[in-house]
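The values are calculated or read from the model by the stated rules, or taken from the named source; none is laboratory data. Everything quoted here is computed from the prediction, not taken from an experiment. Note that each Cβ is placed from the backbone with ideal geometry, even for glycine, and that neighbours are counted across all protein chains shown.
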Amino acid sequence: MSIVTRDVPIARAQQVTISEDALTVDLQDGRTIIVPLTWYPRLVNGTPQERQHWRLMGDGVGIHWPDLDEDIKVEHLLSGKASNESQTSLQRWLAQRTTPPLLEPPTPPY
C-alpha cells in the first residue's frame, strides 16, 4: 500500500479587519475568511481600540491581540473552529478587566 502526499501550502494572513459583528482575515493567497465575532468572546468584550491592536504571528500563521491575550490560528479559521476557552476561564478574565473605578470624594467648593 502506498500513501500519496502532497505539499499543501500553509495559509497565511496578511490583513485583519474587525467590525462590530465579524472578524475578516485576508490571506496572502487572495482568499478572505469572514467569521462571526461571537466565536471569540475576548474580541467581543474588547474595546474597539483593543480589537484594532493586533499583530501577525509566525509570518501570518496566526493573529495575536496583546491587550486581550487572544491568539487565533489561520488554520482554525479555515476549519471553522471557534474559541474553545472555557466559561470559567472567560469569567475569570472578564472579572480581571472589570475593576471598579477609583472614586475620590468630591472637593467642597469652599
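Miscellaneous remarks
- Matching residues in the range 9-35 - criterion: being closer than 15 Å to I72 by Cβ and basic (K, R): R12
- R55 satisfies every condition listed in (1) out of contact with any His (no Cβ under 9 Å at 6 or more places or on another chain); (2) farther than 19 Å from W93 by Cβ except (1).
- Every listed requirement among (1) in contact with a helix residue (DSSP H, G or I) (Cβ under 9 Å, 6 or more places away or on another chain); (2) modelled with pLDDT under 95 is met by E70 save one, (2).
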